[in-house]
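Participant: Mind having a look at this structure? Questions to follow.
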Amino acid sequence: LPKTVLLIIGVLACLATHASATCTIPPDGSGHVILPASTTTIAANAYDGCTDLVTIDLSAASVLTTIEDDAFKGATNLATIYITLPDSVTSIGEGAFQGCADLTTFTFATGSTLATIGVGAFFQSGL
């Protein structure tokens, strides 16, 4: 099946099992998501309330520039972001990691071009 169809099926499966949550790319059985290399933006509310998300791997997402508002808000079990936040990220939106109580470390790349961290981006997180 084409990647677009698989993504749609994955989103529908996520919505069916997490009625109040969204998961752009649903976590696997261990709560792990690997973002594709082509990812430039993590959309607003992409993982809002997605409590099955435990880890997200950004190692391939070398062109990631933006983490939009509330992208991971309420993903209360998100504990690990694999690999340093790519130096290509210029903006982290408002409330992006709000309520991620298990998130206790967040590493920025040497030479980071991060220019904006929105209000409350890490509010009520473990940081």
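Participant: Being small (G, A, S) and more than 19 Å from G93 (Cα to Cα): is that true of G74 here?
Facilitator: The answer is no for G74.
Participant: Now a separate question. Which residue is farthest from P26 (Cα to Cα), if the candidates are limited to the stretch 53-94 and must be at pLDDT 90 or above and charged (D, E, K, R)?
Facilitator: For the stretch 53-94, the residue satisfying everything is E94.
Participant: For the stretch 26-112, which fully contained strands (runs of 3 or more DSSP E) count at least 1 residues that are touching a residue at least 24 places away in the same chain (Cβ under 8 Å) and open to solvent by 50 Å² or more (accessible area, probe 1.4 Å)?
Facilitator: Result: 32-34, 80-82.
Participant: Now a separate question. Can you tell me which residue is modelled with the highest pLDDT among those in the stretch 95-114 that are of a type in the set (A, V, I, L, M) and under 19 Å from L58 (Cα atoms)?
Facilitator: A96
Participant: Sticking with this structure for a sec: In the stretch 5-41, how many residues are of a type in the set (S, T, N, Q), farther than 18 Å from A60 by Cα and modelled with pLDDT of 50 or more?
Facilitator: 2
The values are calculated or read from the model by the stated rules, or taken from the named source; none is laboratory data. Please read all numbers here as calculations on a predicted model, not as lab measurements. As a convention, Cβ positions derive from the backbone with ideal geometry for all residues, glycine included, and neighbour counts pool all protein chains shown. Quick note on the areas: whole protein, heavy atoms, side chains included, nothing else; ligands and nucleic acids left out. Shrake-Rupley method; radii C 1.70, N 1.55, O 1.52, S 1.80 Å.
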